[in-house]
1. Among the listed residues B:214, B:298, B:268, B:251, which satisfies the condition of being surrounded by 20 or more Cβ atoms within 10 Å (Cβ to Cβ) and free of Cβ contacts under 8 Å to residues at least 40 places away in the same chain?
2. Does the stretch B:66-86 contain any residue that is under 25 Å from residue B:135 (Cα atoms) and out of contact with any strand residue (DSSP E or B) (no Cβ under 9 Å at 6 or more places or on another chain)?
3. Just for the stretch B:140-149: of the residues that are out of contact with any strand residue (DSSP E or B) (no Cβ under 7 Å at 6 or more places or on another chain) and touching a residue at least 12 places away in the same chain (Cβ under 8 Å), which one is surrounded by the fewest Cβ atoms within 10 Å (Cβ to Cβ)?
4. Would you kindly identify the helices (runs of 4 or more DSSP H) lying entirely within the stretch B:265-339 that contain at least 2 residues that are away from every other protein chain (no Cβ under 14 Å)?
5. Which of the residues belonging to the stretch A:133-166 are part of a loop (DSSP other than H, G, I, E, B) and either under 26 Å from residue B:203 (Cα atoms) or at the interface with chain B (Cβ under 7 Å from one of its Cβ atoms) (or both)?
6. Tell me which residues, restricted to the stretch B:147-166, are within 17 Å of residue B:209 (Cβ to Cβ) and at the interface with chain A (Cβ under 8 Å from one of its Cβ atoms).
7. Given B:194, B:203, which one is in the same structural domain as residue B:116 (by TED's automatic domain parsing), modelled with pLDDT under 95 and over 20 Å from residue A:134 (Cα atoms)?
8. Mind telling me which of the residues A:130, A:94 ends up being more than 9 Å from every other protein chain (Cβ to nearest Cβ), surrounded by fewer than 17 Cβ atoms within 10 Å (Cβ to Cβ), assigned to a loop (DSSP other than H, G, I, E, B) and modelled with pLDDT of 90 or more?
């Protein structure tokens with residue numbers, strides 16, 4: 001029994017991306033409310049969402065999800081200043097045929113090559129404040145050694161940032177040295 | 001009061017084969033070939049428990065809904081169509097595998113109560129074994145590559161089911177939802193909000209290791225459940241009569257109904273569970289922890305599969321509501337609110 005992730009979660013995909021309440025800040029969350037059987041969708045910026053949450057006496061049901069698709073749309077500079085149409089059309093994946101427009105509309109890529117073709121767009125779309133976007137979790141057991149080295153370096157870079165923030169400079173220096181060593185190994189690794 | 005924080009735990013791991021296009025962009029023949037490759041792997045000797053492969057094309061709506069109700073299949077996969085899709089269940093339902101849904105493979109695990117850590121241990125193991133035959137699409141920076149780039153990274157989705165009727169009734173759920181969203185989690189009602197049962201899950205892409213994501217979901221869930229428990233105590237302290245009345249009426253309806261919809265049944269069982277947890281009600285044969293199991297058994301496809309003729313039964317049959325009411329009468333026989 002899993003929540004049904006219906007398209008309603010991204011209901012405003014083709015519409016406004018600003019907050020329904022203040023009309024100025026970008027909307028980053030989607031609140032679905034059912035009060036006395038009446039369903040309403042509201043798209044809110046974080047500030048307005050907090051005030052709405054405080055004011056909602058008698059609220060019967062709520063759904064709160066960030067809209068990935070909306071986030072993709074919001075982050076695309078092309079939406080604000082339309083680029084030359086030919087250039088836009090040129091952005092497509094040669095392996096699966098996915099275009100940037102497809103990606104914007106569906107939020108889906110067609111193959112691993114898309115991650116390279118649309119890298120600028122995806123990087124902009126998934127920048128989040130305070131959260132590391134580099135993958136620091138599990139990795140395939142059978143991957144190349146260079147993947148393992150890069151993975152370990154990203155883990156150490158994160159550790160280094162945290163140690164510097166805590167002003168634990170001696171430990172940070174040790175981590176930095178280890179990073180340098182791994183960097184040299186990676187440079188000398190033909191894979 | 002129940003010691004469990006989560007009413008149910010679920011986990012999903014999405015993976016793709018590096019050498020093929022993702023399912024929506026791949027040729028049907030290639031998807032069928034991949035499915036066969038995976039099926040052959042599942043039949044191999046590397047598994048501790050046997051996989052049971054289901055034929056999706058021969059599966060009735062009742063059977064697929066039954067799998068969804070058991071947490072073995074996601075609703076989106078059950079509703080989708082297309083070539084090359086496959087499905088298999090591990091052991092007695094400890095895990096399951098969706099093939100060529102949104103991604104090439106999605107491992108799923110579901111169990112009642114607090115079980116996220118155990119589910120991760122199992123799914124991680126199954127994932128490692130699948131990887132011995134599949135070359136996973138992976139990038140050191142992006143992590144496991146998925147059809148939806150917003151899910152790339154761990155490829156893991158954590159679902160924590162929570163029972164929070166007091167927060168819902170008192171209108172405090174919005175605050176909890178916005179708070180959870182601020183922490184990178186989404187919150188949604190599981191059965192249209194019936195019984196105050198909601199599901200919290202990790203919403204977007206983060207780079208954190210899997211165990212940190214699990215811990216994060218558990219911590220936020222614990223905070224929400226603690227808030228629920230304190231609101232229940234407040235209700236009992238400040239509105240003792242109304243609280244008893246609410247639970248007592250639920251027990252009365254459960255004991256004397258002859259036809260019952262699923263949402264109403266969830267709401268009644270939920271009220272009974274609150275009564276048990278607050279020490280206000282006696283329901284012989286039911287405990288706070290068994291309530292979710294009862295709700296599961298009252299779902300439409302469960303009733304058809306377990307109490308009706310599977311060949312002729314359909315999910316729209318009015319008999320389902322009658323059987324559900326009978327099961328509730330039996331379950332709530334002798335139940336009463338303590339004076």
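1. From the options B:214, B:298, B:268, B:251, the qualifying one is B:298.
2. Checked against the condition, which is being under 25 Å from residue B:135 (Cα atoms) and out of contact with any strand residue (DSSP E or B) (no Cβ under 9 Å at 6 or more places or on another chain), the stretch B:66-86 yields at least one hit.
3. Step by step, filter the stretch B:140-149, then rank; the result is B:148.
4. So the answer is B:300-307, B:318-331.
5. A:133, A:134, A:135, A:136, A:137, A:138, A:139, A:140, A:141, A:142, A:143
6. The answer is B:152, B:153, B:154, B:156.
7. Answer to the check: B:194.
8. A:94
The values are calculated or read from the model by the stated rules, or taken from the named source; none is laboratory data. Nothing here was measured: the structure is a model prediction, and the numbers come from that model. Here Cβ is always computed from backbone atoms with ideal geometry, including for glycine, and neighbour counts include all displayed protein chains.
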